[in-house]
Amino acid sequence: LSMQEVVFLVHCLCALSLNLENSFIENTVMAAKAKVDAAYRYSRQQSLDRVRRNAHYADVVRLMKQPRGASRIAVRSADYLANSLQMITESLEKRHKRSINATDLISKENLQALIELTGCSPRHRIPSCRTTQNLHTYRTASGVCNNMKNTRWGASNTPFLRFLPAEISSLLVSNRILPTPTADVQSDPLYTFLVTIFAQFTDHDLTFTPTSPSIASFSDGIDCGKTCTRREPCFPIDIPENDPRFGSNSEDECIPFTRSAPACGSGNTGFNFGASTVREQMNTLTSFLDGGEVYGSDDAKAHSLRDLTSDKGLLRVNDIFNDTGREFLPFSSMSINMCATRARITNTSNAVEVPCFFAGDDRATENNALTALHTVMLREHNRLARALACLNPQWDGERLYQEARKIVGAYLQVSEEDFLHHIVGPDVIAELLSTYPGYDEDVNPGIANVFGVAAFRFAHLMIQPIISRLDEQYEEHPEYPSDLLHRNFFTPWRMIFEGGVDPVMRGLVGRPAKLNTQQHMMSEELTDRLFKFSSRVALDLGSLNMQRARDHGVPGYNKWRKFCGLSQPQTLEDLAAVLNNTDLAQRLLNLYGTPDNIDVWLGGVSEPFVHGGRVGPLFACLIATQFQKIRQGDRLWWENDGVFTEAQKRSLRQTSMARIICDNTGITEVPENPFLFRPRGNGYTQCENIPNFDLNPWKEGGESLM
């Protein structure tokens, strides 16, 4: 530093020590709280009013993406802290007439006072695990205490991890690279649409990033839907000139976009204030493959999903409708019905509307294929609980619930291993996910930001533009035909009134996934019609993915290639060699100028597949690395010693997605491996010939459970 800068810094520090008294900090926090609370109240009321008035999908999604319960409390605290620091910074800058980073200069005592007053400190207190019952046998709903040394690793409502530091570096890119007309969609010759939906189901077990509860900027209160200026938390997507989805006379200049909600800090490691401080985003779910999308990821939600009217360990089911005698998910009790879509889609003025379904994850009703899978897993839990009660009539409801939940979680872990072979290919499996190495308490299983906002969004390129509904012969259903994807968003009434789960599940296992090719990447159902429910332009999933990664400060394509030990292309020739496609490489460079600037999601999905997989080398590396950490950092992983007995493990190794479908639907014939596409008659098996899951090892009095 120059002498002048040193003198300035000393003056700043002296001024701070004199002026940042407790009363100043308290008054600042009070003002910040008032600002945030006012923005939250306005935003909540506006969001509810818009859904009541028009039920536009964009408004429904915004409401669905809001944090709830404990997550909302944590996010509010983070906004209190961020706004307090911003107000202190502005005050210091006015005083010293120079740009200042308050967190560089504020004393530790001042920072601690801010943390306490804003409510952020409870996010970082190490939870006590001594009072947790059955801690060594069953998971907590929130995932705390999985790791006894680092008790919040992998827990819900903690920040995403970063494999690389953040960088703050769209619609034009999406327009020129991604769209594929429905007529040009190619089907995957190997894999079924179940692979796509299972990827979404898994993602909803691992990641949920709530958007900011405020739809108005904190600085001036302008509604994010009415401005193209980037003011926290507004982060709009610019609309390029001559965009075909906007008329030439359109006054729209941007698509509204709200930033992800902030997190108070970095898990249980405390704050890392200073010049390198970056905004962190919160994952409201646990980082474990634990069936959180079925059971919830916090105690309150887990409790609300249980049927406590009897002591049978069951999950709640719909008490109004059933699926030819089989269970439906219960309805949501929200005061506003975000799923009142039937009248508009069917053009029927007197159509009977039903609420959204209620499940462990709030996105369960996002599309009918996902809803079907949720319903099957709900039924499987209840089937297991009833079967365990027959084996062990002495067990109470809590024991039955926990044992059935534990088995379902193990099902999902076993199925995930099979699923990942199809995605990252056998070579990457052999390198990173071969023999289970055992639990390692020093491995943090937390979800990486790049995984949540980029790598595991590979399946967006495998989404068919149609949700298929098939009859008993796996042909088009004569009464309830297949329909376009955008007409299946938030439509629980289709399940209730249009044939139930079976036609949709047949469509998942009897029809192929979309094949991602460099010529035909993303269906126009997702680039032009995503959540289309009004005369205004629909959302664009590709641009949303890239904007979200930019919001999260995720570095660009080449930095992740370097992280994975891959080459970092610098020229057109280099990039063409990596992509094995000169035309695509040229189009990317025309947009980005240099490979370094390519958005990691777009670069990842543009790569040719690895051998035997459905992603390129970059995403194969990032996905396998994440699941490696999830597996090794989970004390209750199904293969870890003492979690299940050897006899129980043998049963779990024989678990079959085909058997789960047979046991929980009216389907009588399925592909032996529902992830692999086969025309009917070639590889389809009668349910009576598929071995049942053997529950005998769970009979108490036999082999010890531990």
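The values are calculated or read from the model by the stated rules, or taken from the named source; none is laboratory data. Note that the structure is a prediction, hence the values are computed from the model and not measured. Every residue, glycine among them, receives a Cβ derived from its backbone with ideal geometry; neighbour counts consider all protein chains shown.
Here is a yes/no grid of residues against (1) touching a Phe, Trp or Tyr at 6+ places or on another chain (Cβ under 7 Å); (2) modelled with pLDDT of 90 or more:
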{"position": "Phe198", "(1), (2)": "yes, yes"}
{"position": "Asp203", "(1), (2)": "yes, yes"}
{"position": "Pro210", "(1), (2)": "no, yes"}
{"position": "Pro213", "(1), (2)": "yes, yes"}
{"position": "Gly221", "(1), (2)": "no, no"}
{"position": "Cys224", "(1), (2)": "no, no"}
{"position": "Thr229", "(1), (2)": "no, no"}
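Evaluating Pro465 against the criteria (1) surrounded by fewer than 21 Cβ atoms within 10 Å (Cβ to Cβ); (2) under 25 Å from the mean Cα position of the chain (by Cα); (3) at pLDDT 95 or above leaves one unmet condition, (3). Between Asn27, Asn22, Asn54, which is modelled with pLDDT under 85, under 20 Å from Leu111 (Cβ atoms) and either assigned by TED's automatic domain parsing to the domain that holds Ile73 or surrounded by 14 or more Cβ atoms within 10 Å (Cβ to Cβ) (or both)? Only one candidate passes the filter, namely Asn22. Exactly one residue among Ala351, Ala404, Ala372, Ala389 is in a helix (DSSP H, G or I) and more than 28 Å from Phe675 (Cα to Cα), and that residue is Ala389. Counted as qualifying within region 605-706 are no helices (runs of 4 or more DSSP H), as none has 1 or more residues that are on the phi > 0 side of the Ramachandran plot and modelled with pLDDT under 95. Condition check for Asp362 on (1) crowded, with 18+ Cβ neighbours inside 10 Å; (2) part of a helix (DSSP H, G or I): one failure, at (2). For region 121-136, check the following and say yes or no: at least one residue is modelled with pLDDT of 85 or more, of a type outside the set (D, E, K, R) and within 25 Å of Asp79 (Cβ to Cβ). Within region 121-136 (the criterion being modelled with pLDDT of 85 or more, of a type outside the set (D, E, K, R) and within 25 Å of Asp79 (Cβ to Cβ)), the answer is no, since none of the residues qualifies. For region 429-462, residues that are within 27 Å of the chain's Cα centre (by Cα), part of a loop (DSSP other than H, G, I, E, B) and among the polar types (S, T, N, Q) total 2. Scan region 293-301 and give yes if some residue there is modelled with pLDDT under 95 and surrounded by fewer than 15 Cβ atoms within 10 Å (Cβ to Cβ), otherwise no. Scanning region 293-301, I find at least one residue that is modelled with pLDDT under 95 and surrounded by fewer than 15 Cβ atoms within 10 Å (Cβ to Cβ), so the answer is yes. Checked against the criterion of being surrounded by fewer than 21 Cβ atoms within 10 Å (Cβ to Cβ), on the phi < 0 side of the Ramachandran plot and of a type in the set (Asp, Glu), the candidates Asp49, Asp59, Asp79 yield just one match: Asp49. Residues in region 648-671 that are exposed (fewer than 14 other Cβ atoms within 10 Å of the Cβ) and under 26 Å from Thr435 (Cβ atoms): Arg650, Arg653, Gln654.
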